[in-house]
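Presented below is the structure to which this report refers.
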Amino acid sequence: MCRDYDVWGDRYSFKTTSLDSNGAHALLEMTVSPGSQTPPHIHHAEDEMFYVLEGELSFWKDDEKTSAGPGSFVSIGKGTAHRWANESGRPARSLVFLVPGGFDQFLMKIGKPITELNHVGSPPTKEDIEFAMSIAEEYHMEVVE
């Protein structure tokens with residue numbers, strides 16, 4: 001099984017998946033390119049936690065913004081509208097915990113397997129975004145405005 005995916009230009013390295021943990025959790029290391037961001041969304045089935053290793057990420061929870069640098073921990077409970085972005089000019093790395101697991105399968109499905117060490121990602125196409133939106137509900141995710 002592939003463990004590294006290009007998810008819309010960012011590298012997601014899965015350390016453990018929901019399949020490994022019988023659905024209990026998933027853990028991934030996310031390397032986020034400058035300018036990368038998610039749309040506002042809600043996870044209806046899992047809590048999502050971020051531990052920033054390098055760089056800086058911005059998080060919005062219910063419109064409250066937090067800047068998180070190395071050593072910062074951000075927890076987002078299920079049912080909470082949120083988004084994140086790398087507003088800096090350099091990559092950021094974060095561990096992402098998903099409890100319970102399951103949403104990791106969505107990320108792998110919308111991502112492209114990475115086989116080379118020095119892979120350079122690319123931003124999503126219109127088709128990539130449409131595909132993700134078409135399956136989001138299956139993974140208990142709702143994109144909100």
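The values are calculated or read from the model by the stated rules, or taken from the named source; none is laboratory data. Here the structure is a predicted model, which is why all the values come from computation and not from measurement. In this analysis, Cβ positions are derived from the backbone assuming ideal geometry, glycine residues included, and neighbour counts consider all displayed protein chains.
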Problem set entry | Candidate set: the stretch 15-35, residues that are of a type in the set (Gly, Ala, Ser) and surrounded by fewer than 17 Cβ atoms within 10 Å (Cβ to Cβ); chosen: the one farthest from residue 109 (Cα to Cα) | 35
For this session: Take residue 135 and decide whether it is part of a helix (DSSP H, G or I), hydrophobic (A, V, I, L, M, F, W, C), within 18 Å of residue 36 (Cβ to Cβ) and free of Cβ contacts under 8 Å to residues at least 60 places away in the same chain.
Result: no
Exercise. Only one of (1) in contact with a strand residue (DSSP E or B) (Cβ under 8 Å, 6 or more places away or on another chain); (2) not in a strand (DSSP E or B) is not met by residue 96, so which one is it?
Worked result: (2)
Problem set entry | Residue that is over 21 Å from residue 137 (Cα atoms), touching a helix residue (DSSP H, G or I) at 6+ places or on another chain (Cβ under 7 Å), touching a residue at least 40 places away in the same chain (Cβ under 8 Å) and of a type in the set (A, V, I, L, M, F, W, C), where the choices are 50, 14 | 14
For this session: Read through the list (1) under 20 Å from residue 14 (Cα atoms); (2) at pLDDT 95 or above; (3) surrounded by fewer than 17 Cβ atoms within 10 Å (Cβ to Cβ), then give the number of the only condition that residue 92 fails.
Result: (3)
Seminar exercise, completed: Among 50, 73, the single one that is more than 30 Å from residue 116 (Cβ to Cβ), of a type in the set (Phe, Trp, Tyr) and modelled with pLDDT of 95 or more is 73
